[in-house]
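Data first, discussion second: the structure below is written as structure tokens.
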Amino acid sequence: MRSFQCQRCGQLVFFENTECLHCGTSLGFAADHGELVPSEQARYRRCLNALIAGCNWLVADDDPIDLCPSCRLTRTRPDDSDLASAEAFRATESAKRRLVFQLHELALPIVSRAEDSDRGLAFDLLSSRDRPVRTGHKYGVITLDLSESDDSHREAVRRQLAEPYRTVLGHLRHEIGHYYWPLLVGRQDDAQAFRALFGDERADYAQALEEHYRQPPSPVWDDAYVSGYATTHPLEDWAETFAHYLHIRDTLQTANAFGVRVSGPVAPEPARSTPAADAATFETILDEWLPLSYALNAVNRSMGKGDLYPFVLSPTVVEKLGFVHHVIRQLVAFTFGSGS
């Protein structure tokens, strides 16, 4: 996440701010400019979900839709009368806005369901209090169980599945990886390269899922996978790796925005004037990421907590992350005529 400043007084403000705490200016996020701007500007109005979803994004005055670019992607949500799900809905929408922001920062295309009724992106945010809800992705529709926003529920599931990490934002990043797979790995040469690294995605998915839950993954799964769940099927390996790539890119962008650079005790290459978000190769990103992750873990331990980044990146996982980086840059280059 980039840092932001109030356009009236220059004070540091944050992505979720609706007001500058220094000068009192009302703020909103203008997605068309990628900046927090004074919300009373004549060309903008507040998103219709400002109250129910805690949304601080703005809508252009000439836009006939009263929802911002993030909220309009939500196809299904709890009824307004479902007060028990209101807090979970707000928390999930907050995570989704961060996801949409990052996708725009990476110049990845987002086609809504309104633009493509068959394969466009949509989110069904459902509560499992009254019926079973399975988080997942199908033909552009991402379904998320709102109970994942409850800390106690999420921690219980994390422990049950022996996961090192589980967050709402992590779920969204994983499922959006499934959405982008056909866009990023659609060409024949990319599909062949994908299969050489991840395996054949044409393998029976239902059978693979059944086998995964029937027996735990090999104790040495981290030699080739970023998570235990990634061992389930090549497409789950892709989604887990894609989500991990987004974790790394977002955290590095935040660190760069706040001037956080680690020069020891494991010394990286000299600090660059170009942020890691614009790096040409994944190796360049990795050179900044590893020292930062070591430092973050050490800081967390100093606070009496576990590692903030509880992962080990084996050479095979690094190669898979590099593949994700490559196909994203390839798509961006094709779309905009340059490899940004």
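The values are calculated or read from the model by the stated rules, or taken from the named source; none is laboratory data. The structure presented is a predicted model; accordingly, all values stated were derived computationally and were not measured. Every residue, glycine among them, receives a Cβ derived from its backbone with ideal geometry; neighbour counts consider all protein chains shown.
Of everything in the stretch 97-121 that is part of a loop (DSSP other than H, G, I, E, B) and touching a Ser or Thr at 6+ places or on another chain (Cβ under 7 Å), the residue that is farthest from L184 (Cα to Cα) is G120.
Scanning the stretch 309-332 for residues that are in a loop (DSSP other than H, G, I, E, B) and of a type in the set (F, W, Y), we see that the one that is farthest from T241 (Cα to Cα) is Y309.
Close contacts from the stretch 124-146, counting a first residue that is on the phi > 0 side of the Ramachandran plot and a second that is crowded, with 18+ Cβ neighbours inside 10 Å and in a loop (DSSP other than H, G, I, E, B), with Cβ to Cβ under 6 Å and a gap of 6+ residues or different chains, come to G140/G120. Would you check if A271 is within 15 Å of V260 (Cα to Cα), surrounded by fewer than 19 Cβ atoms within 10 Å (Cβ to Cβ) and at pLDDT 95 or above? Spelling it out, it is not the case that A271 is within 15 Å of V260 (Cα to Cα), surrounded by fewer than 19 Cβ atoms within 10 Å (Cβ to Cβ) and at pLDDT 95 or above. Cβ-Cβ distances below 6 Å connect no pair with a first residue in the stretch 316-332 that is in contact (Cβ under 8 Å) with a residue 12 or more places away in the chain and not assigned by TED's automatic domain parsing to the domain that holds W238, a second residue that is among the small types (G, A, S) and surrounded by fewer than 16 Cβ atoms within 10 Å (Cβ to Cβ), and a separation of six or more residues or different chains. Helices (runs of 4 or more DSSP H) fully within the stretch 123-234 that include at least 2 residues being touching a helix residue (DSSP H, G or I) at 6+ places or on another chain (Cβ under 8 Å) and over 17 Å from V317 (Cα atoms): 151-160, 168-184, 205-214.
Looking across the stretch 165-196, the residues that are within 17 Å of V327 (Cα to Cα) and among the β-branched types (V, I, T) come down to I176, V185. For beta carbons closer than 9 Å, sequence separation of 6+ or different chains, a first residue in the stretch 79-94 that is within 18 Å of N17 (Cα to Cα) and of a type in the set (K, R) and a second that is outside any loop (DSSP other than H, G, I, E, B) and at pLDDT below 95, the qualifying pairs are R90/S149. Among residues of the stretch 291-308 being part of a loop (DSSP other than H, G, I, E, B) and of a type in the set (D, E, K, R), the one that is nearest to V260 (Cα to Cα) is D307.
Restricting attention to the stretch 79-111 and to residues that are among the hydroxyl-bearing types (S, T, Y) and more than 17 Å from the chain's Cα centre (by Cα), the residue that is modelled with the highest pLDDT turns out to be S85.
Does T251 satisfy the criteria of being on the phi < 0 side of the Ramachandran plot and modelled with pLDDT of 75 or more? Here the answer is yes, as T251 does meet what is asked. Residue count for the stretch 1-46, restricted to those that are surrounded by fewer than 14 Cβ atoms within 10 Å (Cβ to Cβ) and in contact with a Lys or Arg (Cβ under 6 Å, 6 or more places away or on another chain): 1.
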